[in-house]
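Novice: Questions regarding the structure given below will be posed in turn.
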Amino acid sequence: MAFELTPDRKAILDELLPRYPTKQALTIPLLHICQEQNGHINEDVIAYVAKTLGISTADVQGVVTFYTLFMQKKVGRNVIWVCRTLSCELAGAREITHCLEKKLGVHCGETTKDGEFTLLKAECLAACAGGPMIQLNDRYYENLTPEKLDEILDEARKRRDDKVKGAFSPVGILANPGSK
């Protein structure tokens, strides 16, 4: 079945359309809206975005493959990004990564069997002073130690009200371009 936005998300798109100079300029915001609904970007989503914006599927695919925040396969309800830049590595990111792999029973790039967590590495999460750090969905956790991870994972398992399916989705920001 072809992908379609829900009426609520379609309303967000309709509100955004007049705020952008061209339809193509909406590629990234629309992909975020679609990913929030679908959980990841697949061929049906790419076709929908291309058709909606009047651009080629190749152009949409190029955006999806360039930006790491677009998930190209299903991810867990919670996505953990471990920062791996030099400052975080020097502060202990490698140890945090190994601890997470052991606690979750997966390697980076994999999702737990229960679909609860996907573990990924990020090139930079722009929190260099707080390393080692992770981004779990849309929340940052800084100055981590292996001992802090159990509490963070337990909190994430209990939290069921996150609207985001596994990855940060700035739809609230997108609805108000130019706002901070």
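Novice: Which net charge results for the neighbourhood of residue 59, defined as the other residues with beta-carbon distances under 15 angstrom from its beta-carbon, given Lys and Arg at +1 and Asp and Glu at -1?
Specialist: Residues near residue 59 contribute +1 overall.
Novice: How far is helix 27-38 tilted, in degrees, relative to the longest principal axis of the Cα atoms in the chain, given as a value from 0 to 90 rounded to the nearest 10?
Specialist: Once rounded, one gets 70 degrees.
Novice: Which of the cysteines found in the chain have nothing to pair with, since no other Cys Cβ lies under 4.7 Å from theirs?
Specialist: Flagged as lacking a Cys partner: 34, 99, 108, 124, 128.
Novice: Taking GluC sites (Glu not before Pro) as candidate sites, keep only those in a DSSP loop with at most 13 other Cβ atoms within 10 Å, then name the longest stretch of the chain containing none of them.
Specialist: Between exposed loop sites, the widest span is 5-122.
Novice: Counting only other residues whose beta carbon sits under 10 Å from that of residue 141, what net charge do I get with K and R as +1, D and E as -1?
Specialist: Net local charge, residue 141 excluded: -1.
Novice: Would you kindly calculate the mean projected area, averaged across all directions, of the convex hull enclosing the Cα atoms of the range 1-82, in square nanometres?
Specialist: Seen from a random direction, the Cα hull of the range 1-82 projects 5.9 nm² on average.
Novice: Same structure, new question: Kirkwood Rh over alpha-carbon pairs of the range 78-158, then Stokes-Einstein at 37 °C and 0.692 mPa s: what D in µm² s⁻¹, rounded to an integer?
Specialist: Diffusion coefficient, whole number: 268 µm²/s.
Novice: Which three lengths, in whole Å and largest first, does the range 18-58 cover when its Cα atoms are put on their principal axes?
Specialist: Here the spans come out as 28, 19, 12 Å, largest first.
Novice: Right, something else. For the range 32-84, which chymotrypsin sites (Phe, Trp or Tyr not before Pro) are in a loop by DSSP, counting at most 13 other Cβ atoms within 10 Å?
Specialist: 67
Novice: Could you give the angle, 0 to 90 degrees to the nearest 10, between helix 57-66's Cα long axis and the longest principal axis of the Cα atoms of the chain?
Specialist: In the chain, helix 57-66 runs at an angle near 20 degrees to the longest axis.
Novice: Another question about this same structure. So, in the chain, how many Lys pairs have Cα atoms under 13 Å apart, if the pair is 8 or more places apart or on different chains?
Specialist: Close lysine pairs found across the chain: 6.
Novice: For the range 57-96, compute Rg over Rh where Rg is the Cα radius of gyration and Rh is the Kirkwood radius from the inverse mean 1/r over Cα pairs.
Specialist: Dividing the radius of gyration by the Kirkwood radius yields 1.14.
Novice: Let me ask you something else. Looking only at the chain, where both bridge partners belong to it, what percent of the DSSP beta bridges are antiparallel (to the nearest 5)?
Specialist: Close to 55 percent.
Novice: If I take every Cα pair under 8 Å that is 6 or more residues apart in the range 78-158, average their sequence separation and divide by the length, what percent do I get for the relative contact order?
Specialist: So the answer I get is 37 percent.
Novice: Quickly estimate the mean residue ellipticity at 222 nm for the chain, helices only: each DSSP H run with n ≥ 4 gives -39500 (n - 2.57), and the total goes over all residues, rounded to 500.
Specialist: When only DSSP H runs of four or more count, the value is -12500 deg cm²/dmol.
Novice: Based on Cα positions only, what radius of gyration and what Dmax would you give for the range 1-157, in angstroms?
Specialist: For the range 1-157, the Cα radius of gyration and maximum Cα-Cα distance read 17.7, 50 Å.
Computed from the coordinates by the stated procedures, all read-outs in this text should not be read as laboratory data. Not measured: the values here are computed from a predicted model. FYI the Cβ positions are ideal-geometry reconstructions off the backbone, even for glycines, and counts take in every protein chain you see.
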